[in-house]
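As structure tokens, the structure follows; a few thoughts come after it.
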Amino acid sequence: MIVLATMGCGNNDQSGYNCVSGNCSAVFENPQYLTLSDCQSVCGNSSGYNCISGNCAAVSDFAQYQNLADCENNCSGGGNTATPGYNCVNGNCVFVSDNATYSMLFNCQNACGGSTGGNVAITANWNTAYGTGWPICDPAYSVVIGLGYSSSDVLSDTFFAQSASTGTSPTTYTKYNLSPGVYYYKAKKTFLASSCGTGQGIPPTVTKTGSFTISSGNTTNVNAGSLN
């Protein structure tokens with residue numbers, strides 16, 4: 001007599017893990033997941049809150065935190081949740097590495113200090129003439145003083161306000177009613193080749209850059225110095 005022995009080859013007696021109420025529990029038959037890592041990668045993805053740009057936002061799936069309190073306790077800290085930018089402090093825009101009210105300096109400056117602005121007066125000087133012997137060209141240069149919201153603005157000559165001068169040195173450019181905050185400037189001297197010609201060569205362009213702070217109701221005086 002031949003006796004056939006059969007062995008179950010299904011998953012009925014296979015141990016593993018099931019996802020129960022958001023937690024992975026070990027089971028010894030009919031598991032949903034064979035390994036704990038497989039279960040954990042899916043099981044915790046329920047509704048709750050995620051930390052997005054320093055704020056807790058409700059999500060319906062793949063939540064980082066199951067309740068709002070846990071999210072808020074961790075969301076405004078360091079690491080990848082930091083929100084650098086600018087805050088308005090005593091009428092001035094100050095850079096902060098986290099919990100910033102404004103992501104861009106321009107937006108902070110527009111809002112900071114209310115309707116009371118301040119002024120800036122920027123002075124530069126240079127020799128207006130160029131050449132040796134005869135002829136001497138005078139005025140030989142154009143000087144532009146420009147203002148930017150960032151250092152990259154002035155480096156690329158992206159000015160939101162500017163003034164040009166030729167024959168009068170020193171010259172002072174005054175800009176009124178700026179919102180409180182930090183600004184940048186460039187004073188740039190350029191040779192007037194179209195007026196002076198190039199027979200005695202072309203002198204190099206000279207620039208001076210820097211920053212200044214506007215406070216509400218006050219005038220900030222800046223000396224850009226010599227452009228010679």
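What follows draws every value from the coordinates through simple rules; no lab data is involved. Computed from a predicted structure; not experimentally measured. So basically every Cβ, Gly included, is an ideal-geometry build from the backbone, and we count neighbours across all protein chains shown.
Summary of computed values
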{"item": "Amide H within-cut-off set for Val206, under 5 Å, with H built and near neighbours excluded", "result": "Lys189"}
{"item": "Pairwise centroid distance, computed over Cα atoms, of region 143-162 with region 165-214, Å", "result": "10"}
{"item": "Cβ-placed point charges (K, R +1; D, E -1), dipole of region 118-226 about Cα centre in debye, nearest 20", "result": "80"}
